[in-house]
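Right, one structure below, let's go through it.
Each value in this text was obtained by applying a stated rule to the coordinates, not by laboratory testing. In this text, all values refer to a predicted model and were calculated from it rather than measured experimentally. Using ideal geometry, Cβ is built from the backbone for each residue, glycine included, and neighbour counts are taken over all protein chains shown.
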Amino acid sequence: VLDTPWSAAFISWVMREAGLSASQFPPADAHWNYIRYFIDHAEDSDAAYVSHRINDYPPKPGDLICATRGNHGFIPVYDQAPGVGLSGHSKLHCDIVVERNGNSLGVIGGNVRNSVSKTTIPLKANGLLQPTERRPWFVVLESRLSP
């Protein structure tokens, strides 16, 4: 079993394989690096994603959804300076939304039980993410790319 988290490297690899440049999606070995980039570069028209609080935007295929991992007491802050609350000490996980079926999402992520896995995520009745103890979702990165 690998002890080194590799889910951010998986997401970065998928983005490279999809043909995105480093300015559209900066490759990262930790999710907080690209999440902070998209929060800080919300006005950058070349950035492939824009961040949303989970209570402000219902995820769709092509988006990324991100949660904290473990019991680290990490609570991201959006209402201060961009990127506040995101640091190298933040243990995170992000999944790629691949489908939406009613009030659930099909997502794919790396390093889920040490594999690439598809998971079904239930949504609230209004289509927004519902944080759980296992996956305390905190951000949706909306894809600006054409479907």
Just subtract the alpha-carbon distance of Asn103 and Asp29 from 0.36 nm times their residue separation and send over the number in nm, one decimal.
23.5 nm
Need one number: nm distance between label points at Ser21 and Val116, each 7 Å from Cα along Cα→Cβ, rounded to one decimal.
2.5 nm
Say each of Ala9 and Ser45 gets a label point 7 Å from the Cα, pointing the same way as Cα to Cβ; how far apart are those two points in nm?
3.6 nm
Skipping prolines and chain starts, which residues have an amide H placed within reach, meaning under 5 Å, of the one on Arg144, given they are 5 or more residues away or on another chain?
Tyr49, Val50
